[in-house]
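To start, the structure under review is shown below, and the notes come after it.
Just so you know, all these numbers are worked out from the coordinates, no wet-lab data involved. The model shown is predicted, which means the values in this text are computed figures rather than measured ones. Cβ: placed from backbone, ideal geometry, glycine included. Neighbour counts: every protein chain shown.
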Amino acid sequence: MARFVRATRPPAYKNSWKRYKPFLRFDFRAQCAYCEKTELYARGHTGFGADHFRPKSNPAFHSLRLNYENLYYCCAGCNSIKNDEWPTAELVAAGFFFVDPCVEDPFKSHIKVNGAGELEAQTPQGDYTKRTLRLDRKDCLDFRKERISARRALDDAEKVLDGLLTSSAPKERKDELKRMLRVVAQLRRCWAQFVDPPPQQLLHHIPKKYRRDVKIPSGAASV
Ligand SMILES: [Zn+2]
């Protein structure tokens, strides 16, 4: 299943791919197509832009320079590292080419994220993608570590509070525990917005007249 699904219907801009940015922000849920860092985590959208998945400098893909389907939302780090990279025919034949996040989720079967946030390539495609984009660089590793530790902390807090709630605690104590559980649930929602914002919150980025054409995807990737 694709990591990112295009739900917008942008017009065909003839002069600049940069005009697609509002649509890309929505379709890629304000996160980098490659390292998954979000705008909120990276302190704003100004460091994000459009990457030509099939490089526009490659004569074979020159005709795709204004093609919306070939534009991927991406952080400045991944954009500059990926640059004009594209595998040779020999590499492709050997299975070494980019995992396309608009076709499948790179972090499901091609690249495993271990408990410390480190990456382990599972396939030649995963290996090529991880190495070429340098996805084990410090800023990406820090993001994955924070994502994992925050989720663990929330899970642990919920588990402990749940455990205390089932004991024979007095009513006042149970009410207090229930209140704390609601706080944890609220924090979980806040954190989800930070690492995988819900589509509804991104709709306002799209020019008004195109919003009614958007098909809001159901369900978000688990973080
Ligand atoms: Zn990135």
- Item | Label-to-label distance, nm, for residues given as residue 45 and residue 190 (7 Å Cα→Cβ offset) | 2.4
- Quick calc: nm separation of the 7 Å Cα→Cβ label points for residue 123 and residue 2 -> 1.7
- Message: Taking the beta-carbon count within 10 Å as an exposure proxy, list 191, 17 from fewest neighbours to most.
- Response: 191, 17
- Note on the structure: To the nearest 0.05, the calculated FRET efficiency linking residue 212 and residue 85 through their beta-carbon distance, R0 being 35 Å, is 0.40
- With a point put 7 Å past each Cα toward its Cβ, work out how far residue 172 is from residue 200 in nm, to one decimal. 3.8
- Query: Top mean-square fluctuation among 33, 157, 192, Gaussian network model of the chain, C-alpha springs under 10 Å?
  - Reply: 157
- Query: Stokes-Einstein D for region 144-196 at 10 °C, 1.306 mPa s, Kirkwood Rh over Cα pairs, in µm²/s?
  - Reply: 134
- Query: Looking only at 107, 53, 61, which one moves most when the chain is put into a Gaussian network model with springs between Cα atoms under 10 Å?
  - Reply: 61
- Task: Within region 31-96, report the trypsin sites (Lys or Arg not before Pro) that DSSP leaves as loop and that have at most 15 other Cβ atoms within 10 Å.
- Result: 43, 65
- Message: Could you sort the peptides 110-122, 126-138 by per-residue average Cβ neighbour count (10 Å cutoff), highest mean leading?
- Response: 126-138, 110-122
- Here, the chain modelled as identical Cα point scatterers in vacuum has Debye log10 I(q)/I(0) at q = 0.10, 0.13, 0.16 Å⁻¹ of -0.53, -0.82, -1.13
- Roughly how many Å is it from the Cα centre of region 1-75 to that of region 173-193, as a whole number? 35
- All-pairs Cα distance distribution in region 81-159, expressed in whole percent, bin size 10 Å: 18, 42, 26, 10, 3, 0
- Gained length - residue 57 relative to residue 180, 0.36 nm times residue gap less alpha-carbon distance: 38.8 nm
- Query: When the Kirkwood radius is taken over all Cα pairs of region 64-112, what Stokes-Einstein diffusion coefficient follows at 20 °C and 1.002 mPa s, in µm²/s?
  - Reply: 170
- Task: Report the extension gain between residue 155 and residue 65 in nm, rounded to one decimal, defined as 0.36 nm multiplied by the number of residues separating them, less their alpha carbon distance.
- Result: 28.0 nm
- Taking a ≥ b ≥ c as the square roots of the eigenvalues of the Cα gyration tensor, with a/c under 1.5 meaning rounded and otherwise prolate when a/b exceeds b/c and oblate if not, region 33-78 is prolate
- Please tell me the relative contact order of the chain in percent, rounded to the nearest whole number, where contacts are Cα pairs under 8 Å and at least six residues apart. 25
